[in-house]
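Data block below; observations after.
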Amino acid sequence: MRAYLEYRMKQENVSRADIQNLLGVSEKTVRNKLSGETDFTWGEVRKIRNNFFPKDDFNKLFEQTESE
């Protein structure tokens with residue numbers, strides 16, 4: 001689970017649909033990537049960070065935490 005990324009998404013009012021549209025992927029793909037089932041590619045990481053969270057640290061933004 002990428003808790004910090006989802007926290008920042010809520011703070012900045014960025015929806016999963018916004019991520020989906022930016023990356024050109026399905027809703028399921030975004031859901032799997034946010035849950036940690038699959039990884040974001042470096043290109044996806046850069047796009048998300050640069051478009052929505054330009055001041056955030058890459059590592060903190062995309063760190064994966066254990067789900068409860």
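The values are calculated or read from the model by the stated rules, or taken from the named source; none is laboratory data. Model, not experiment: these values are computed from the prediction. FYI the Cβ positions are ideal-geometry reconstructions off the backbone, even for glycines, and counts take in every protein chain you see. These accessible areas exclude ligands, DNA and RNA; they are computed on the full protein's heavy atoms, side chains included. Shrake-Rupley method; radii C 1.70, N 1.55, O 1.52, S 1.80 Å.
Numerical summary
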read-out: Pair Q64, L22: separation of 7 Å Cα→Cβ label points (nm); value: 2.0
read-out: Estimated inter-spin distance, N13 and T29, nm [label 7 Å along Cα→Cβ]; value: 2.7
read-out: Cα gyration tensor of the chain - equivalent ellipsoid semi-axes, whole Å, descending; value: 15, 15, 12
read-out: Computed helical MRE - 222 nm, the chain, DSSP H runs ≥ 4 contributing -39500 (n - 2.57), nearest 500; value: -17000 deg cm²/dmol
read-out: About the Cα centre, charge dipole magnitude for the chain (Lys/Arg +1, Asp/Glu -1 at Cβ), debye; value: 240
read-out: Per residue value of the accessible surface for the chain (all protein chains in place, 1.4 Å probe), Å²; value: 67
read-out: Loop sites in the chain: trypsin sites (Lys or Arg not before Pro), DSSP, at most 11 other Cβ within 10 Å; value: K55
read-out: Hz values of 3J(HN,Hα) by residue in the range 17-32 - Karplus curve (6.51, -1.76, 1.60), Gly and Pro given as x; value: 5, 4, 5, 4, 5, 4, 8, x, 10, 7, 4, 5, 4, 4, 4, 5
read-out: Share of carbon and sulfur in the accessible heavy-atom surface of the chain [1.4 Å probe, %]; value: 44
